[in-house]
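Notes follow once the structure below has been shown.
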Amino acid sequence: QDLGSLQRVNLPKSLRIIRKSTFSGCCLESISIPEGVKYIGEDAFSSTALTSVLIPDGVIHLAGFDYCENLESINIPKSVKILGNFSGCAKLTSIKIPNIQIPIECLFENCTSLTDVDLEDYGDGSIFIEMFKGCSALKEIKIPEGVTRIEKNAFTDCVQLSSIWLPSSVAKID
């Protein structure tokens, strides 16, 4: 079904899952995601006209916002354990990343306006492959204690990046 001209949608409070590609490519400008949603699938909102999204606490799987070129802000609750791609969100300026458990490559690739990355709650693990590749406005980043690895090309083409704080827990840089 072609939903290309869809601009607004009212989702029911009973909704628990938003499946893969549900609203992909729509002209969707705003959405209210109800409490109780646990899963937002890959490409669920990709290439839409969304400018901001409020994700309710309780969402565990959050994906599907890649190439939302107008997306300026999105909150990622601490409940999220699987975080999908935000590549190409050219107007996204800041992000707070929780302690995710599943590694995703190219997580914020080409988020060219991204200047503020908060990893305070990020926890143990890695800065993933090409995680911030092409984030050309990013000037500094503080990697939190507990991160043990910086994977390859994590900061490739971050042309303004002038300062990276690395904790003593980092044991490997690819």
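The values are calculated or read from the model by the stated rules, or taken from the named source; none is laboratory data. The structure displayed is predicted, hence computed values, not measured ones. In this analysis, Cβ positions are derived from the backbone assuming ideal geometry, glycine residues included, and neighbour counts consider all displayed protein chains. For the accessible areas, the whole protein counts, side chains as well, though only heavy atoms, and no ligand, DNA or RNA atoms are used. Shrake-Rupley method; radii C 1.70, N 1.55, O 1.52, S 1.80 Å.
The residue that is nearest to K91 (Cα to Cα), among those in the stretch 32-50 that are in contact with a Lys or Arg (Cβ under 8 Å, 6 or more places away or on another chain) and surrounded by fewer than 20 Cβ atoms within 10 Å (Cβ to Cβ), is E42.
Taking the criterion of being in a strand (DSSP E or B) and small (G, A, S), the residues of the stretch 22-36 that qualify are S30, S32.
This table checks each residue for (1) open to solvent by 10 Å² or more (accessible area, probe 1.4 Å); (2) within 17 Å of G25 (Cβ to Cβ).
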{"site": "A63", "(1), (2)": "no, yes"}
{"site": "D66", "(1), (2)": "yes, yes"}
{"site": "E69", "(1), (2)": "yes, yes"}
{"site": "I74", "(1), (2)": "yes, no"}
{"site": "C89", "(1), (2)": "no, yes"}
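One residue stands out in the stretch 37-73 among those that are β-branched (V, I, T) and either at pLDDT below 95 or in a loop (DSSP other than H, G, I, E, B) (or both): the one that is farthest from the chain's Cα centre (by Cα), namely V37. Candidates S136, S87, S113, S168: the one that is part of a loop (DSSP other than H, G, I, E, B) and over 18 Å from the mean Cα position of the chain (by Cα) is S168.
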